[in-house]
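Remarks on the structure that follows.
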Amino acid sequence: MTDDELNDALDRAARWLRAAKSVCVLTGAGISAESGVPTFRASDGLWEGHRIEDVASPDGWDRNPALVWQFYNARRANVATVKPNPGHFALVALEDRFGDNFKLVTQNVDGLHLQAGSRRVLEIHGSLRQTRCTVCEAVTNRGLEPLGDAPECPQCHGRLRPHIVWFGEGLPDDIWMEAMVSASECDTLLVVGTSAVVHPAASLVPIARRKGATVIEVNITRTEASAYADIGLYGPSGEVLPKLLQ
Ligand code: BV8
């Protein structure tokens, strides 16, 4: 996309946003890329040398829970060193503009939207900061300190797992329902930094489109969501989103 094309698309998108009544945002790993958090599919799909489906799935957990905790402790350590970028802060400003007519649905587990000050956030895939006991189901906010290879539940001494939705696991019903309602009722869906290959999150795009929402995509390249986009803004979200809010 040339600079002129991007500026023209930004003008159209900013004009639409000024007339919009309700906004739903769907973010993926790309919005955190400029903060230094690696995306999932940029490289050869490997994470610390592992296929994410091998260390982020119930089978991977059953096979080798210590390896899974090494994988998640490495990501917790990475996220402990990073900060939100201008793209995250632009979404805080957008929320300030729309108030209760705004919802931020994120696939990211890095917590950077909350750290930036976003409040109406649905972390549909869970959070690196939370653990869940595999025995008493207690969910605990643990911060980002290292948790070793076999952390135990402080209540019942059961084995703790990351409170994260793995491949092959269902999303939390209440959170997913709220995300679907928001995508169905908004007049604008802003899709930022996602390859839109993971379901059911990616289905929010056609859901919004079918209900008549205007879809605006922000990404550095075209994706599975691009076919549904009324306006495509192809550039780094840390640069594009602040311009969109000007
Ligand atoms: C479910 C937590 C059923 C983990 C994640 C076989 C068996 C079982 C299920 C399936 C199967 N085959 C397919 C499925 C469905 C599966 C799925 O969708 N698989 C994909 C790979 C095909 N989905 C599931 O398994 C879901 N559950 O179906 O369960 C069920 C139902 C009821 C009851 C029981 C069972 C669960 C999906 C959730 C998986 N967990 N995360 C963790 O993080 O450790 S998903 C994982 O992928 C992350 O959350 C990530 O966010 C998400 C999506 O990836 P993206 O965010 O889009 O990141 P990606 O790297 O792909 O793209 C980055 C984008 O950013 C790119 O477009 C790039 O261009 C752009 N970008 C880069 N830099 C920038 C930028 N954009 C802007 N600016 C920049 N600077």
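Here, each number is a calculation from the coordinates, and none is a lab measurement. Since the structure is predicted, the reported quantities are computational estimates derived from the model, not experimental observations. Note: ideal-geometry Cβ built from the backbone for every residue, glycine included; neighbour counts use all protein chains shown.
Extending each Cα 7 Å along its Cβ direction at residue 167 and residue 239, get the distance between those two points in nm, one decimal.
Each label point is offset 7 Å from its Cα along the Cβ direction, giving 3.2 nm.
Quick one: what are the phi-derived ³J(HN,Hα) couplings along the range 83-92, Karplus 6.51/-1.76/1.60 with θ = phi - 60°, whole Hz, x for glycine and proline?
Calculated HN-Hα couplings, in order: 10, x, 10, x, x, 4, 5, 5, 6, 5 Hz.
Under the 0.36 nm per residue contour assumption, what length would be gained going from the current alpha-carbon distance of residue 159 and residue 21 to full extension?
Numbers: separation 138, 0.36 × 138 = 49.68 nm, distance 4.60 nm.
Gain on stretching residue 159 to residue 21: 45.1 nm.
Stick to Cα atoms and the Kirkwood definition of Rh, then tell me Rg/Rh for the range 126-167. Don't skip to the answer; put the middle values down first.
Numbers: Rg = 9.5 Å, Rh = 10.2 Å.
My calculation of the ratio gives 0.92.
Mind listing the long-range amide H neighbours of residue 192? Cut-off is under 5 Å, sequence gap 5 or more, other chains count too, H placed in the peptide plane at 1.01 Å from N.
26, 27, 28, 218
Once amide H atoms are placed 1.01 Å from N in the peptide plane, what residues at a sequence separation of 5 or more from residue 214, or on another chain, have their amide H within under 5 Å of its amide H?
Counting only residues 5 or more places away or on other chains, the set is 188, 189.
Where does each of 4, 54 land when they are ranked from fewest to most other beta-carbon atoms within 10 angstrom?
Numbers: 4 8, 54 17.
Lowest to highest Cβ neighbour count: 4, 54.
If one computes the Cα centroid of the range 181-246 and of the range 76-123, what distance in Å separates the two points?
The distance from the Cα centre of the range 181-246 to that of the range 76-123 comes to 16 Å.
Roughly how tilted is helix 3-19, in degrees to the nearest 10 and between 0 and 90, from the longest Cα axis of the chain?
Taking the Cα atoms of the chain, the angle to 3-19 is about 90 degrees.
Please state, as a whole number in µm²/s, the translational diffusion coefficient that the Stokes-Einstein equation yields for the chain at 37 °C and 0.692 mPa s, with Rh defined as the Kirkwood radius across alpha carbon pairs. Spell out each step's value before the answer.
Details: Rh = 18.6 Å.
Answer, rounded: 177 µm²/s.
Residue farthest toward the positive end of the dipole of the range 106-246, with Cβ of Lys/Arg at +1 and Asp/Glu at -1: which of 190, 147, 165?
Farthest along the dipole direction, towards plus: 190.
How many nm is it between the label spots at residue 4 and residue 220, if each spot is 7 Å from the Cα in line with the beta carbon?
For residue 4 paired with residue 220, the spin-label model returns 2.6 nm.
Would you mind checking the radius of gyration and Dmax of the range 40-128 based on alpha-carbon positions, in Å?
Using the Cα atoms of the range 40-128, the pair Rg, Dmax is 15.5, 47 Å.
Rounding to the nearest 20 debye, state how big the charge dipole of the chain is about its Cα centre with +1 on each Lys and Arg Cβ and -1 on each Asp and Glu Cβ.
Details: 24 positive and 31 negative charges, 76 e Å.
Its charge dipole is roughly 360 debye.
Which percentage, to the nearest 5, of the DSSP beta bridges contained in the chain is antiparallel?
Numbers: 10 of 32 bridges.
Bridges in the chain that DSSP calls antiparallel: roughly 30 percent.
If you count the DSSP beta bridges with both ends in the range 117-246, what percent of them are antiparallel, to the nearest 5? Mind dumping the intermediate values first?
Numbers: 8 of 17 bridges.
Among the beta bridges of the range 117-246, antiparallel pairing accounts for roughly 45 percent.
Which ordering of 167, 98 is given by a fewest-first count of other beta-carbon atoms within 10 Å? Provide the component values of the computation, followed by the final result.
Numbers: 167 13, 98 19.
Taking fewest neighbouring Cβ atoms as first place, the list is 167, 98.
Taking only the C-alpha atoms, wrap a convex hull around the range 114-246 and report its volume per residue in Å³ as a whole number. Mind showing how you got there, number by number?
On the way: hull volume 18.9 nm³, N = 133.
Spelled out: Cα convex hull of the range 114-246, divided by residues, is 142 Å³.
Mean residue ellipticity at 222 nm from the helices of the chain, using -39,500 (n - 2.57) per DSSP H segment of n ≥ 4 over the full residue count, to the nearest 500 deg cm²/dmol?
Details: 10 runs with 92 residues, N = 246.
Computed ellipticity for the chain at 222 nm equals -10500 deg cm²/dmol.
Residue by residue, what Karplus-based ³J(HN,Hα) values in Hz, rounded to whole numbers, does the range 227-242 have, using 6.51, -1.76 and 1.60 with θ = phi - 60° and x for Gly and Pro?
5, 8, 7, 6, 9, x, 10, 9, x, x, 4, x, 9, 6, 4, x
Would you mind counting up the charge near residue 128? Only other residues with Cβ under 13 Å from its Cβ, with Lys and Arg at +1 and Asp and Glu at -1.
Details: positive: 75, 76, 129, 132, 142, 161; negative: 110, 123, 145.
For residues surrounding residue 128, the net value is +3.
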